[in-house]
Amino acid sequence: MILRGIFTLRSSEIRWFYQEGASNIFPEYWDEYLAPIPENERDDLVTAYYKRLTSDDEALVLRCAKQWSKWECATSKLFVDPEMIAKTEKYTWALAFAKIEAHYFFNKGFFDNDTWILDNIDVIKHIPGIFGF
């Protein structure tokens, strides 16, 4: 088994990346990420984005899909990759990417708690595997 891009989905990690933390490393992209969300909803950006990405307002969905995807693509590597950011301009790519991530994070990865994977590691410990990034 190859596990790539492991994100344990601990609420503190989601909060650091999508709420407060990574914002200090990439402030120019952070401002764009915040733009579609009214100030009174910025205390929970994952929920605010999820609400908009599941809206019936297609223009709002598109704007939020592009901003979510751009934030993710600009900040997921140590150095900004312009080719990754360019993908976010493609409506279908940005929409799929943003909706999948936001749905997963909004639902806390569908885990019962932050340590669920480690708590249940015995189920897969017999399977040879590596972690890759």
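The values are calculated or read from the model by the stated rules, or taken from the named source; none is laboratory data. For clarity, every value in this text was computed on a predicted model and none was experimentally measured. Reconstructed Cβ throughout: ideal geometry from the backbone, glycine too, with neighbour counts over all protein chains shown.
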- Task: Might you let me know whether region 52-60 holds any residue that is surrounded by fewer than 16 Cβ atoms within 10 Å (Cβ to Cβ), farther than 20 Å from residue 14 by Cβ, in contact with a helix residue (DSSP H, G or I) (Cβ under 7 Å, 6 or more places away or on another chain) and hydroxyl-bearing (Ser, Thr, Tyr)?
- Result: yes
- Note on the structure: Selection from region 28-45 of residues farther than 20 Å from residue 85 by Cα and either in a helix (DSSP H, G or I) or under 15 Å from the mean Cα position of the chain (by Cα) (or both) yields 39, 40, 41, 44, 45
- Task: Can you tell me which residue within region 26-67, out of those that are over 18 Å from residue 106 (Cα atoms) and aromatic (Phe, Trp, Tyr), is modelled with the lowest pLDDT?
- Result: 26
- Is it the case that some residue within region 76-93 is buried (at least 16 other Cβ atoms within 10 Å of the Cβ), under 13 Å from the mean Cα position of the chain (by Cα) and either on the phi > 0 side of the Ramachandran plot or of a type in the set (Gly, Ala, Ser) (or both)? no
- Item | Members of region 95-133 found to be among the aliphatic types (A, V, I, L, M) and under 13 Å from the mean Cα position of the chain (by Cα), listed by number | 95, 96, 98, 100, 102
- Message: With the condition being in contact (Cβ under 8 Å) with a residue 60 or more places away in the chain, closer than 21 Å to residue 22 by Cβ and not β-branched (Val, Ile, Thr), I'd like the helices (runs of 4 or more DSSP H) fully within region 48-123 carrying at least 2 qualifying residues.
- Response: 91-106
- Message: Against the condition at pLDDT below 95 and charged (D, E, K, R), how does residue 70 come out, does it pass?
- Response: no
